[in-house]
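The values are calculated or read from the model by the stated rules, or taken from the named source; none is laboratory data. All of these numbers come straight from a predicted model, not from anything done at the bench. Cβ placement follows ideal geometry from the backbone for every residue including glycine, while neighbour counts extend to all protein chains displayed.
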Amino acid sequence: MMSEFSNKFFNLPPRDLQLYSSKLLHAYCAAKSIKHVAVDELIAHLNNFPESRDLAAWERKGAVLPLNGRGDDMPQDLSQSIPSQDVDDFCHIVDSAVEVGIVDVYGTPSELPAKFVEKIISILRKNNIDIPQL
């Protein structure tokens with residue numbers, strides 16, 4: 001069962017959800033002063049989510065990024081630059097932002113992208129970070 005919040009996002013096109021998750025990741029990084037080229041590359045990749053064509057190619061390109069949100073280790077210098085108390089939240093946000101775009105790439109649309117957006121927002125709220133407008 002979807003929450004009222006997830007239901008708000010469920011009918012949005014996948015591109016809009018992906019762009020919003022990228023905006024949420026950016027807001028977290030700005031609030032926590034996390035700056036790294038790998039973060040910039042991931043955000044740029046998320047912002048290039050295709051309208052409908054070449055989703056598989058986009059997904060494959062994201063898989064080889066230094067910070068890819070797919071369980072691979074993040075670049076060591078990035079990891080070392082994030083305060084230890086923020087690493088878990090950062091990783092959850094990165095993983096969730098990536099999942100927003102890829103969870104339904106090879107299947108039928110589901111409520112999962114909206115659930116991942118909801119998870120990111122809950123982490124931002126827990127950290128008292130302003131939630132960006134959609």
### Query
From LEU17, LEU67, LEU55, LEU78, which residue is out of contact with any Leu (no Cβ under 7 Å at 6 or more places or on another chain), without any contact (Cβ under 8 Å) to a residue 60 or more places away in the chain and crowded, with 16+ Cβ neighbours inside 10 Å?
LEU55
#### Entry: Answer residue from the range 42-69, given it is assigned to a helix (DSSP H, G or I) and in contact with a Phe, Trp or Tyr (Cβ under 9 Å, 6 or more places away or on another chain) and is modelled with the highest pLDDT among those
HIS45
## Note on the structure
Picking from PHE116, PHE90, the residue that is at negative phi, in contact with a Lys or Arg (Cβ under 8 Å, 6 or more places away or on another chain) and among the aromatic types (Phe, Trp, Tyr) would be PHE90
## Note on the structure
(1) over 17 Å from TYR20 (Cβ atoms); (2) in contact (Cβ under 8 Å) with a residue 12 or more places away in the chain; (3) part of a loop (DSSP other than H, G, I, E, B) all hold for ASP89 apart from (3)
### Message
Can you go through TYR28, TYR20 and tell me which one is hydroxyl-bearing (Ser, Thr, Tyr) and within 19 Å of SER110 (Cα to Cα)?
### Response
TYR20
### Condition check for VAL100: among the β-branched types (Val, Ile, Thr), surrounded by 12 or more Cβ atoms within 10 Å (Cβ to Cβ), over 11 Å from the mean Cα position of the chain (by Cα) and part of a helix (DSSP H, G or I)
no
